Amino acid sequence: MALGALAVPSPAFAASPPARSQAKITVQNDRPVAIDVYLQNGYFDTKIGTVAPDRETALNVPKYLEGQDVQIFVRPQIGLELETPDVVLPTHGTLDILVPNNDVGYVVQPKEDVIPNPGPNTTTLTVRNPRDQAVEVVIERGEFDTTLGTVEPDHSRTFDLPASLTREPQDVKIFMVPTEGLELSSQYFLLKPHAHLEVKVPLG
């Protein structure tokens, strides 16, 4: 199953608590469906609760997982499963995560577009970046990555894709790497020669 990325702000720890309270994960669910939240430690998944649609809920971290290195998985009733990078769970206080109302941290699959005078035999990718920080654009083909360049904040840029990617149809994936924050990726899609594609960097 394809996975997306969750937004994970820095942990918010209570300063000098009078008594050691149980660690929590506060989940802000911006989706219109309920989500189940799991912690993965090694080969084992632990369900820690369910968060209703459009709600923020504090879920208890099991004592045996406090301070452990885990991944947090979110399974919506509808949509793709999401995951965080590896995070260290707090031993007190809270860790905040945001479940965005889109499939991910995923970049939406590129749409075909018509751009004026793209040039003969060219294949292009236009990236619209509404964020307030630059993003680096990378295309993954099998085991190989090709860095196309950087799109400045609140700008669009059209890239001519290299011949190595466009000689014949092939499955590729687009990665957007912001200056700060989580890397975003598209699902695999079929890149066809002489296509003119457009994607928008998600704000969430």
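The values are calculated or read from the model by the stated rules, or taken from the named source; none is laboratory data. Note that the structure is predicted; figures quoted are calculated from it, not measured. All Cβ positions, glycine included, derive from the backbone under ideal geometry; neighbour counts span all protein chains shown.
Would you pick out the residues in the range 22-66 that are exposed (fewer than 13 other Cβ atoms within 10 Å of the Cβ), of a type in the set (Gly, Ala, Ser) and over 22 Å from PRO100 (Cα atoms)? Within the range 22-66, GLY42 is the sole residue that qualifies.
For the range 179-193, the count of residues that are touching a Ser or Thr at 6+ places or on another chain (Cβ under 9 Å), aromatic (Phe, Trp, Tyr) and not assigned by TED's automatic domain parsing to the domain that holds GLY79 is zero. Could you go through the range 139-157 and let me know if any residue there is within 20 Å of LEU190 (Cβ to Cβ), among the aliphatic types (A, V, I, L, M) and over 20 Å from the mean Cα position of the chain (by Cα). The answer is no; no qualifying residue exists.
Among residues of the range 158-182 being of a type outside the set (Gly, Ala, Ser), over 17 Å from VAL199 (Cα atoms) and under 16 Å from the mean Cα position of the chain (by Cα), the one that is modelled with the highest pLDDT is THR179. Against the numbered list (1) loosely packed, with under 15 Cβ neighbours inside 10 Å; (2) assigned to a loop (DSSP other than H, G, I, E, B); (3) over 18 Å from the mean Cα position of the chain (by Cα), LEU190 comes up short only at (2). A Cβ distance below 6 Å, combined with a sequence gap of six or more or placement on separate chains, defines the contacts here; from the range 56-85, residues that are within 21 Å of LEU182 (Cα to Cα) reach residues that are β-branched (Val, Ile, Thr) and at pLDDT 90 or above in the pairs VAL74/ILE35; VAL74/VAL37; PRO76/VAL33; PRO76/ILE35.
Considering only residues that are outside any strand (DSSP E or B) and in contact with a strand residue (DSSP E or B) (Cβ under 6 Å, 6 or more places away or on another chain), look in the range 1-29 and name the one that is modelled with the highest pLDDT. The residue in question is GLN22.
Within the range 30-71, if we keep just the residues that are among the acidic types (Asp, Glu) and in contact with a Phe, Trp or Tyr (Cβ under 9 Å, 6 or more places away or on another chain), the residue that is modelled with the highest pLDDT turns out to be ASP36. On the stretch given as the range 56-83, residues that are farther than 20 Å from GLN22 by Cβ and either part of a strand (DSSP E or B) or not acidic (Asp, Glu) (or both) total 11.
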